[in-house]
1. What about SER185, is it farther than 15 Å from CYS112 by Cβ and either surrounded by 22 or more Cβ atoms within 10 Å (Cβ to Cβ) or in contact (Cβ under 8 Å) with a residue 12 or more places away in the chain (or both)?
2. Which residues, counting only those in the stretch 94-143, are part of a helix (DSSP H, G or I) and among the β-branched types (Val, Ile, Thr)?
3. Find the residue count for the stretch 192-229, including only residues that are small (Gly, Ala, Ser) and farther than 23 Å from ALA82 by Cβ.
4. Would you mind telling me which numbered condition in (1) at pLDDT below 90; (2) surrounded by 17 or more Cβ atoms within 10 Å (Cβ to Cβ); (3) aromatic (Phe, Trp, Tyr); (4) within 23 Å of TRP197 (Cβ to Cβ) PHE126 fails?
5. Tell me which residues, restricted to the stretch 223-240, are at pLDDT below 85, more than 18 Å from ASN162 (Cα to Cα) and part of a helix (DSSP H, G or I).
6. Quick one: which of PHE93, PHE110, PHE147 is surrounded by 16 or more Cβ atoms within 10 Å (Cβ to Cβ), modelled with pLDDT of 90 or more and touching a Pro at 6+ places or on another chain (Cβ under 9 Å)?
7. Mind checking which pairs have a first residue in the stretch 26-40 that is assigned to a helix (DSSP H, G or I) and surrounded by 15 or more Cβ atoms within 10 Å (Cβ to Cβ) and a second that is at pLDDT below 85 and of a type in the set (Asp, Glu), Cβ under 7 Å, 6 or more apart or different chains?
8. Pairs only if they're at least six apart or on different chains, beta carbon under 9 angstrom, first in the stretch 211-223 and in contact (Cβ under 8 Å) with a residue 60 or more places away in the chain, second of a type in the set (D, E, K, R) and crowded, with 24+ Cβ neighbours inside 10 Å; list them, first residue then second.
Amino acid sequence: MDHKKSHTCATHDHHEGNIVGELLHHLPYAVFSLALGLIILSLLDVFGLGHGHHSHGHDHDHAMEGAHLLFHSFHFLHIIFAMTGCLVTFSRFSNNIFKGIVVAIVSSLFFCTLSDVILPYLAGIFLGVHMHFHICLISELHNVIPFYIIGLINGLAMSRHNSTIKSVYSVGSHFGHILISSLASLFYLISEGLSNWYPQMGLLFLFLIVAVVVPCTLADVIVPIFFAKPRKNNEKYQAREYQEVL
């Protein structure tokens, strides 16, 4: 029984910290996922995507077109993860489905754009690159909406599961969420101006940690819990439910 209680507390402790604590808790996810993202980018640059910064004319345009395509793919997938993660977290502390849907839509709309577009754009400007500003919500709304719908359905389906499944999902998917976000950010930078990224790889890595860990932590943890307004009796109910499942 003591093991069950300690295990239950462990699943909830990380949701009870302050913003700084949550950012520190999620920092390792960002570091490892960004490292993997840079490995993927390096392999693509060596074996295909690129040589974009070493070529001119048609070859360079083709490389940038490939990076642009990859950015959109990962950005759209990021929407699904953000919607689902927000709804699952919200549902652990509130049964107000309508409010959860509104929070998830607004949160993912803002933080996906912030993480994948605005912060990478500002990072490129800071690095002295002439960046192009591109927001998918404006130019490709017909592609964005289906991913919001899929994310909404998936989040609602996950929200119906018991506390055990929700906890497993929250931990298991967060690495994937941040990895997809980091790849979207990287390919946005490359496709919109920073084709020669390798000479500034160190600063780029630092900027992207901020661009990924802050918005993803706020979207997945801080914002849904804040608007769900968890009460102590809610936490006790969740703990009892978890123990009954075990």
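1. Numbers: farther than 15 Å from CYS112 by Cβ: no; either surrounded by 22 or more Cβ atoms within 10 Å (Cβ to Cβ) or in contact (Cβ under 8 Å) with a residue 12 or more places away in the chain (or both): yes.
It is false that SER185 is farther than 15 Å from CYS112 by Cβ and either surrounded by 22 or more Cβ atoms within 10 Å (Cβ to Cβ) or in contact (Cβ under 8 Å) with a residue 12 or more places away in the chain (or both).
2. ILE97, ILE101, VAL102, VAL103, ILE105, VAL106, THR113, VAL117, ILE118, ILE125, ILE138
3. Adding up the residues that qualify gives 3.
4. In the conditions (1) at pLDDT below 90; (2) surrounded by 17 or more Cβ atoms within 10 Å (Cβ to Cβ); (3) aromatic (Phe, Trp, Tyr); (4) within 23 Å of TRP197 (Cβ to Cβ), PHE126 misses (2) alone.
5. LYS232
6. On the way: PHE93 fails: modelled with pLDDT of 90 or more; PHE147 fails: touching a Pro at 6+ places or on another chain (Cβ under 9 Å).
Sole residue among the options that is surrounded by 16 or more Cβ atoms within 10 Å (Cβ to Cβ), modelled with pLDDT of 90 or more and touching a Pro at 6+ places or on another chain (Cβ under 9 Å): PHE110.
7. Every condition considered, no pair remains.
8. That search, which allows pairs on different chains as well, returns ALA211/ASP116; PRO215/ASP116.
The values are calculated or read from the model by the stated rules, or taken from the named source; none is laboratory data. Nothing here was measured: the structure is a model prediction, and the numbers come from that model. We place every Cβ from the backbone using ideal geometry, glycine too, and count neighbours over all the protein chains shown.
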